[in-house]
Amino acid sequence: MVYFGFTHCPDICPEEMEKMSAAVNVISGQKDMPDIPIYFITCDPARDTPDVMKRYNEEISSRIIGLTGPEDKVLDACKQYRVYFSNGPKDRDGDYIVDHSVITYLMDPQGKCQAFYSRDSTVESVARDIRQKITSWVPQS
């Protein structure tokens, strides 16, 4: 699973990460289901250093792997996933909000997008969909 966001997000990003973590937790205890990583890729590399990403993700779920890097590499990743984002105006403290797409992508083992989940998706619907998709990828024992 892949999600683009930023650690200074006050509400949507943590809610989406918690929802996706909960969906993966539902699946992880089921027979024949592989471990499903959740990648949280920043669209705010100026503030989201590796340490910031690590602390943020540890607060939500140990399943989340935070990715950041040089701005040009982050921009390339955003373009490849067609992620929209735009930094808002800075306040007097220099803080800002990043407006961005709110989509979580389900990638297959070959790295192809097989589904995406919007903010309206529920834990139950995401878990059910992921299980159905994975069942078609993984030989059942």
### Message
Defining a contact as two alpha carbons under 8 Å apart and six or more residues distant in sequence, what relative contact order in percent does the chain show?
### Response
28
### Query
If each Cα of segment 16-71 is one equal point scatterer, what is log10 of I(q)/I(0) from the Debye formula at q = 0.27 Å⁻¹?
-1.04
### Task
Calculate the radius of gyration of the Cα atoms of segment 2-137 to one decimal place, then report Dmax, the largest Cα-Cα distance, as a whole number, both in Å.
15.1, 53
### Message
Please give the charge dipole size of the chain, origin at the Cα centre, charges +1 on K and R Cβ atoms and -1 on D and E Cβ atoms. Round to the nearest 20 debye.
### Response
480
### Query
At a Förster radius of 35 Å, what calculated FRET efficiency corresponds to the Cβ-Cβ distance of Asn25 and Asp51, to the nearest 0.05?
0.85
### Message
Can I get the semi-axes of segment 44-86's equivalent ellipsoid? Compute them from the C-alpha gyration tensor as square roots of 5 times the eigenvalues, in angstrom, largest first.
### Response
20, 12, 8
### Query
Stretch Asp91-Leu75 to full length: gain in nm at 0.36 nm per residue minus the Cα-Cα span?
3.4 nm
### Summary
Longest the chain segment clear of trypsin sites (Lys or Arg not before Pro) sitting in DSSP loops (not H, G, I, E or B) with at most 12 other Cβ atoms within 10 Å runs 32-81
### Message
Could you work out [θ]222 nm for the chain from helices alone, using -39500 (n - 2.57) per DSSP H run of at least four and dividing by all its residues? Round to the nearest 500 deg cm²/dmol.
### Response
-12000 deg cm²/dmol
#### Entry: Partnerless Cys - the chain, beta-carbon criterion under 4.7 Å
Cys43, Cys78, Cys113
### Message
Test of the criteria: in segment 33-140, which chymotrypsin sites (Phe, Trp or Tyr not before Pro) are in a DSSP loop and have at most 13 other Cβ atoms within 10 angstrom of their Cβ?
### Response
Tyr84
### Query
For segment 113-136 and segment 31-49, what is the separation of their Cα centres, given in Å?
16
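FYI, it's all coordinate maths here, none of it is from the lab. Values in this document were obtained by computation on a predicted structure and should not be read as measured data. Note: ideal-geometry Cβ built from the backbone for every residue, glycine included; neighbour counts use all protein chains shown.
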